[in-house]
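The values are calculated or read from the model by the stated rules, or taken from the named source; none is laboratory data. All of these numbers come straight from a predicted model, not from anything done at the bench. No Cβ is skipped: glycine too gets one built from the backbone with ideal geometry, and neighbour counts run over all protein chains shown.
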Amino acid sequence: MQLAGWQILDAATTQRKRLLQAGYLPLPTEGKKPPIAGWQNIVADEGEIDGWFHQYPTALNTGILTRTTPAVDIDVYDPDVAQAIEMMLWDLIGTRGMVRFGQAPKRAALFRTETPFGKISTPVFMSPTAPRHRVEVLCNGQQIVVLGTHPGTGNPYSWHGGEPGDVARADLPELTEALAREFVTKATDIMRAQQGWTEEVREANLAQHAKGDSNDEFDSIYGSRQRKYALAALQGCIAELSAMAPDSGRNDKLNAVAFRLGTMCARAWINRDEVESRLFAAAVACRLVADDGEAATRATLASGLGGGELKPHPDLTDETGSAPSSNPAPTVDLFWHGEPDTRPAHSWLVEKLIPGKGIGLMSGQWGACKTFAAFDLSASIASGMPFAGREIARPGGVLFVAAEGGDEVRTRLKGVEHKLRAAAFVASAAGNPIEADVNHLPLVWIEEPVRFNTKAGFEQLLIIAGTVNNQMLEKFGVPLVCIIIDTMMASVDFQDANSAAETQQVMNGLRGLSQKTGAFVLVVDHFGKNIEVGTKGSSNKEDASDLVLAMLADRDVGGSISNTRMKVRKLRNGKSGVEFPFNLVEVDLGDGETTCAIDWKPERNDTGKGTSGKESWTKTLRILRSAMETVVIEYCRDLFPYGNDGPKVHAVTLEQVRTEFVASYPADNEDQRARDAVKRSAFNRAMKDARERLLICSREIEGVDYLWLVEETELDWLKRTGA
């Protein structure tokens, strides 16, 4: 079974930490290349390694700096010659070490050194059967991939005689600079002695190269002149194409830049797959894919690249090769303190409630009106009418992805339309008619899930959003400003919904969707049993979100709900804790058909105060309370602990509460015994605190300990009677 990207990254993170503990200096790599600027000087700790998971999600391979673990890299395609050079190496060192294979017969061996030195290389040799052979000793300023998949063969790297991490750096054979130079000299002699092998004439300064200069025309990892030239050309083509407007010759430009870069692919200055992937992303950014379709765009790409590959780029001269500087411009914007910032201020979609761009969650319990609220929001944005009493700051188009309950969309929208017509009538009577036609809003939906956590699904959703945006502009003169996905679980095939790594990949995808479309992306999701913990699954959902709207309600044993409200659980650049009460009202659609709609009430601030000592409920105590409320629904036993004249209480057993608390309490320890100990300690502490604060009471009945939550009526009775 093929592993998902997040699973590979999870394993890579573990491997990188193991390498660190064994004395190596690990790095993330995309294929063979580290994605981090200044990687030559990185000395990472475990915290930084954890951060790479989110920062470099495409860096699935793992390398190590060769600064203190020099690597002998035998890039020789002839198996007999490669074997002879390896045997000579071990004879020179006096002992054998571990060897890595990626594309046999080429191989590499690891060593240790206490005094780093520059890279040392043999000349490049040509043979009748292969274009180039070379042997190098990589050390200060270089790195080597030790774990992952070889980008050329598609197969995992393999080790013989041990593997880094299992073998500590301290246990590697030592290689000094003197020994390295002696080895390179002998390897050169072996290759010179081969019949039909010729030494390549090089323009580079061999003396400088022998001192470890990092220029490397043979390996693009270290950035040859041609590689830098091609990358600079690619970056410029991407910037030019991405900025193009409709009807400005985008398809012709794509063909032209693909042809230009194809000439460089023919010289192996840059990888064709890399060019094709990044040019296609630029075509998505300028809406060419949305207008012409993916198939036509890819056909143009293939035509241009193929034509360019038939006409390889000429050798670089001093003039042609001078544009891409050895110090290329940063690929991110730099913002200097004290200088004028011309960017627009923070924007809102719904005034001081929903940001103009970003990602958010609308989460809640079952039956808490999440989808009704999502439709209400959709209609408000599309019509420009207020949402929950807040003004719409950016009216525009809405794409609603009904991944579940698609057959109910039309009916539920009728309820919202009924509400809008009434509001529009009132506004018109007051002399403030709305501009939108409530019978034809810029609101579109699809009635099937799009698995946006997969590459194909993400691209499909991008294409859909691009098409919708263009049609919104054509039909209504407004762009797409909001994408609502209902629900998370119906749209994502989680292998482990509690996995922080997998969840972060999903949230990264949603943020990418917002960045590429310019729309705010809101996903409807569920709370778990314990509403205090929040959205179901990994806490990374809420951590990665700019907005979390909690849909809340009180539910009795029979399932009836009351006290319905929406609460701002989290809002970047805004105030959290604000509540928006509402009623769910029935709407008669005629012919015996009914639906419901949201009727918003005035908002209220969360004062943090309540009854029955709620100000005393800490986070752990809230989990205890939620556990008790959950088991009461299933196992409630009505008791009269103070006699028939006293108040009746809804009691549950101590063991029932303990079981639910342990299931709900979060513990991050990897060891099961450690997690169990943390949960037991938290439960005991919560019970002690709750009793001391008179938040719960308990009584043994027939040998069983029963618990119940103390209500105001019970406190009043105890005060009156002195019981």
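For the stretch 77-91, a residue qualifies if it is surrounded by 14 or more Cβ atoms within 10 Å (Cβ to Cβ) and in a helix (DSSP H, G or I), and the qualifying residues are V81, A82, Q83, A84, I85, E86, M88, L89, W90.
Selection of first residues in the stretch 446-468 that are under 17 Å from F280 (Cβ atoms) and assigned by TED's automatic domain parsing to the domain that holds P479 and of second residues that are assigned to a loop (DSSP other than H, G, I, E, B) and of a type in the set (F, W, Y), restricted to Cβ pairs under 6 Å at least 6 apart or on distinct chains, gives the following pairs, ordered by first then second residue: F458/F452; L461/F452. In the list R604, R625, which residue meets the criterion of being at pLDDT below 85, basic (K, R) and either buried (at least 16 other Cβ atoms within 10 Å of the Cβ) or within 37 Å of the chain's Cα centre (by Cα) (or both)? Of R604, R625, the one residue that is at pLDDT below 85, basic (K, R) and either buried (at least 16 other Cβ atoms within 10 Å of the Cβ) or within 37 Å of the chain's Cα centre (by Cα) (or both) is R604.
When the residues of the stretch 95-136 are filtered to those that are in a loop (DSSP other than H, G, I, E, B) and free of Cβ contacts under 8 Å to residues at least 40 places away in the same chain, the one that is farthest from the chain's Cα centre (by Cα) is P131. Selection of the stretch 456-490 for residues being surrounded by fewer than 22 Cβ atoms within 10 Å (Cβ to Cβ) and over 25 Å from the mean Cα position of the chain (by Cα) yields N470, Q471, L473, E474, K475, F476, G477, V478, P479.
Just so you know, in the stretch 556-573 the residues that are assigned to a loop (DSSP other than H, G, I, E, B) and at pLDDT below 85 include one that is nearest to V632 (Cα to Cα), and it is V557.
Condition check: under 29 Å from K352 (Cα atoms) and either modelled with pLDDT of 85 or more or not assigned by TED's automatic domain parsing to the domain that holds A501 (or both). Does L547 satisfy that? Judged against the criteria, L547 is a match.
State whether one or more residues within the stretch 272-282 are part of a loop (DSSP other than H, G, I, E, B) and either over 27 Å from the mean Cα position of the chain (by Cα) or modelled with pLDDT of 80 or more (or both). Within the stretch 272-282, none of the residues are part of a loop (DSSP other than H, G, I, E, B) and either over 27 Å from the mean Cα position of the chain (by Cα) or modelled with pLDDT of 80 or more (or both). Whenever a residue of the stretch 61-79 is at negative phi, its partners that are among the aliphatic types (A, V, I, L, M) and in a loop (DSSP other than H, G, I, E, B), lying with C-beta atoms within less than 6 angstrom and at least six residues away or across chains, give the pairs I64/L25; L65/L25; P70/L175; Y77/A130. Scanning the stretch 652-689 for residues that are over 30 Å from D10 (Cα atoms) and surrounded by 13 or more Cβ atoms within 10 Å (Cβ to Cβ) yields V652, T653, L654, Q656, V657, R658, T659, F683, R685, A686, M687, D689. Scanning the stretch 560-600 for residues that are in contact (Cβ under 8 Å) with a residue 40 or more places away in the chain and polar (S, T, N, Q), we see that the one that is farthest from V409 (Cα to Cα) is N573.
Looking at R225, is it touching a residue at least 24 places away in the same chain (Cβ under 8 Å), in contact with a Pro (Cβ under 6 Å, 6 or more places away or on another chain) and surrounded by fewer than 20 Cβ atoms within 10 Å (Cβ to Cβ)? For R225, the condition - touching a residue at least 24 places away in the same chain (Cβ under 8 Å), in contact with a Pro (Cβ under 6 Å, 6 or more places away or on another chain) and surrounded by fewer than 20 Cβ atoms within 10 Å (Cβ to Cβ) - is not met.
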